[in-house]
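Encoded as structure tokens, the structure appears first; notes follow it.
What follows draws every value from the coordinates through simple rules; no lab data is involved. This structure is a prediction, so every number in the text was calculated from the model and none was measured. Cβ coordinates were reconstructed from backbone atoms using ideal geometry, including for glycine residues, and neighbour counts include every protein chain displayed.
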Amino acid sequence: MTSIHLDENTIQQYAITGVLAGEEQTQHFLHCNRCRGRAAAYKEVLAGVKDQPAPAFDFDLPALVIQKIPAKKAAIPWRAVLVIAGLLGVISLVTYNLRAVFGVVFEGLSLSAASLIFIAMISVLIFQLADMVNKYHQQINALD
Amino acid sequence: MALLKADSAEDRYLVNLVLKGDNSAFTTIIRNTERLVTQIVFKLIGNTDDRKDLAQDIYLRAYKGLPDFTFRAALSTWIAQIAYNTCLNYLEKKKYTLLSDWEEIADDDTEETDHVLNTIVALADKEVDQGILQKQRTAIIHQAIETLPPLYKTLITLYHNEELSYGEITSITGLPIGTVKNYLFRARKTLKEQLLKQYTKEEL
């Protein structure tokens with residue numbers, strides 16, 4: 001039987017696994033109060049660690065997290081599409097009904113020039129509308 | 001350890017539901033992993049208010065990152081990794097370090113220690129007063145754990161309480177396996193020395 005005490009790592013591993021490597025170590029351990037005491041101390045430590053209660057939050061974590069998850073936006077903003085289509089329809093109807101007036105106002109203008117003016121007007125209207133919708137959403141989000 | 005099986009069918013099912021917009025599936029994911037995340041947050045962060053903010057931040061990050069989750073690790077390991085890194089970023093911002101101002105207690109071979117070791121062996125053999133001893137031991141170990149640096153506390157908890165493997169701890173912390181083993185060895189040794197010191201003081 002060896003008189004050399006088991007090293008700290010061997011003692012720790014024994015306390016965790018309950019296994020010693022080789023007959024020599026086992027024989028020393030069985031006859032050495034000091035090594036048995038150190039192993040028993042480690043077993044106490046491990047048991048004490050296992051006895052520690054698991055910490056817990058004093059609030060409902062899932063509820064708080066779910067509240068903060070942003071609502072998924074629809075892939076196509078159907079409401080905006082409908083509003084724009086409706087506006088374009090109204091503009092088209094008004095333009096069609098007032099075509100005689102436009103004829104007088106734009107008399108002498110070439111078709112391409114008139115088209116450019118018309119497209120520019122429609123573009124400005126669409127950009128203003130989009131800007132208005134964006135501002136509306138920003139204000140709603142700020143309120144949320 | 002059943003909680004941490006890599007690529008479990010339940011993980012896939014829950015993640016798919018969340019990606020389809022089912023928030024109740026994400027609630028289930030939080031409930032499944034809350035214990036592990038709580039352990040990490042409590043061991044690394046001391047401030048109660050900050051813990052609350054960080055816990056929410058961890059799960060919001062996990063939610064945002066879920067479309068990129070590849071199932072190469074268990075979902076709980078991945079979320080624990082987010083928890084560890086989020087806490088680490090917080091500590092770095094606050095200029096705290098994981099192993100700050102900490103010195104190991106010297107292992108002194110005194111007669112008193114020998115006496116205590118003999119007594120521990122005798123008590124273990126006789127199994128007397130286990131209730132009182134257990135309470136006393138739990139309290140001493142609790143105090144001793146609190147004196148450890150945050151990283152040691154976390155490793156001890158992940159290995160011995162949550163029963164994670166070295167590989168899983170390595171995935172979560174990003175530390176090499178040798179470092180994890182070394183830190184665990186030193187932490188256990190310190191806890192043992194503290195326990196013996198306390199038992200000696202109380203003339204066990």
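When chain A is treated as a Gaussian network with alpha carbon springs shorter than 10 Å, the biggest mean-square fluctuation among A:A47, A:A130, A:A85 belongs to A:A47.
Run the dipole for segment B:2-93 about the Cα centre, Lys and Arg Cβ at +1, Asp and Glu Cβ at -1, nothing else charged, and hand back the magnitude in debye, nearest 20. Walk me through the intermediate numbers first.
On the way: 12 positive and 11 negative charges, 24 e Å.
Computed about the Cα centre, the dipole is about 120 debye.
Per the Kirkwood formula applied to alpha carbons, the protein assembly as shown shows a radius of gyration over Rh ratio, Rg over Rh, of 1.30. Scattering from segment B:129-204 was approximated by placing one identical point on each alpha carbon and applying the Debye formula without solvent; log10 I(q)/I(0) at 0.19 1/Å stands at -0.80.
Shielding by partners for peptide B:31-41, expressed as the average number of C-beta atoms from other protein chains within 10 Å of each residue's C-beta, is 2. Dividing the radius of gyration of the alpha carbons in segment A:8-51 by their Kirkwood radius gives 0.99 for Rg/Rh. Of the Cα atoms belonging to segment A:61-143, the radius of gyration and Dmax stand at 20.3, 72 Å.
To the nearest 20 debye, what charge dipole does the protein assembly as shown have about its Cα centre, counting +1 at the Cβ of each Lys and Arg and -1 at the Cβ of each Asp and Glu? All intermediate terms of the calculation are to be shown ahead of the outcome.
Values: 36 positive and 41 negative charges, 351 e Å.
Dipole size: approximately 1680 debye.
The label-point distance for B:T147 and A:R99, in a model that sets each label 7 Å from Cα toward Cβ, rounds to 9.5 nm.
How fast does chain A diffuse by Stokes-Einstein, in µm²/s, taking the Kirkwood radius from C-alpha pairs at 4 °C and 1.567 mPa s? Mind showing how you got there, number by number?
Working: Rh = 24.2 Å.
It diffuses with D of about 53 µm²/s by this estimate.
With a 10 Å Cβ neighbour count serving as the proxy for reagent exposure, in which order, fewest first, do A:W78, B:W78 appear?
Values: A:W78 9, B:W78 22.
Going from sparsest to densest Cβ surroundings: A:W78, B:W78.
By the rule of a C-alpha distance below 20 Å, with chain neighbours fewer than 8 residues away ignored, the lysines paired with B:K20 are A:K68, A:K72, A:K73, B:K64.
Sorted fewest first by neighbouring Cβ atoms within 10 angstrom, A:V101, B:V180 come out as A:V101, B:V180. When segment B:2-93 is described by a simple charge dipole with +1 on each Lys and Arg Cβ and -1 on each Asp and Glu Cβ, the residue from B:A73, B:V37, B:Y90 located farthest towards its positive end is B:A73. Candidates A:L116, A:A71, A:Q138 compared by Cα position along the dipole of segment A:61-143: farthest toward the positive end lies A:A71, with charges placed on Cβ. Each of B:L66, B:L191, A:L87 was scored by other Cβ atoms within 10 Å of its Cβ. Arranged with the fewest first, they read A:L87, B:L66, B:L191.
Taking only the alpha carbons of segment B:1-85, we obtain Rg and Dmax values of 12.5, 37 Å in that order.
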